Amino acid sequence: MSDANMDNFYKRLERIDHTHRKFAKGYETVVLPDGLIVARPRRSFRAFPWRGLLMVLVCLVLFKSLLLAQVGPDEYAERITRLESGTFAERAGAYVLRPDAVTALIADQVRPYFQ
């Protein structure tokens, strides 16, 4: 075979391999207007994991609430001020652990169980 034919052959092989990899990820069948059933690779897209982010935020708020209910608001505020005077990581932790309205509300509801 000549070099031109070999190049075409390898291009066709690459195209077949590419199509095979796309079909391996999933496919859907579509009926065309003339009645022909055709399989098409399913489009893949990566969505942002909103559910995971929401779960992390809920766990963080619950953790802060339980910590606030356990040690009390005065001791909690003292610990936050100690963290604010520390390293960059400690200051970032103090910012994240700063009590907010939801945290205080949940801590007030849970506090009787810790006494």
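Bear in mind these aren't lab numbers, they're just calculated from the coordinates by the rules spelled out. No experiment lies behind these values; they were computed from the predicted model shown. Glycine gets a Cβ as well: all are built from the backbone with ideal geometry, and neighbour counts include every protein chain shown.
Based on this model, can you work out whether L53 counts as within 30 Å of V96 (Cα to Cα), in a helix (DSSP H, G or I) and without any contact (Cβ under 8 Å) to a residue 12 or more places away in the chain?
yes
Check D34, D7 and return the single one that is among the acidic types (D, E) and part of a loop (DSSP other than H, G, I, E, B).
D34
Just name the residue that is surrounded by the most Cβ atoms within 10 Å (Cβ to Cβ) out of those in the range 36-63 that are within 14 Å of the chain's Cα centre (by Cα) and among the small types (G, A, S).
Here the answer is G52.
Would you point out the residue of the range 64-115, among those that are of a type in the set (K, R) and assigned to a helix (DSSP H, G or I), that is surrounded by the fewest Cβ atoms within 10 Å (Cβ to Cβ)?
So the residue we want is R82.
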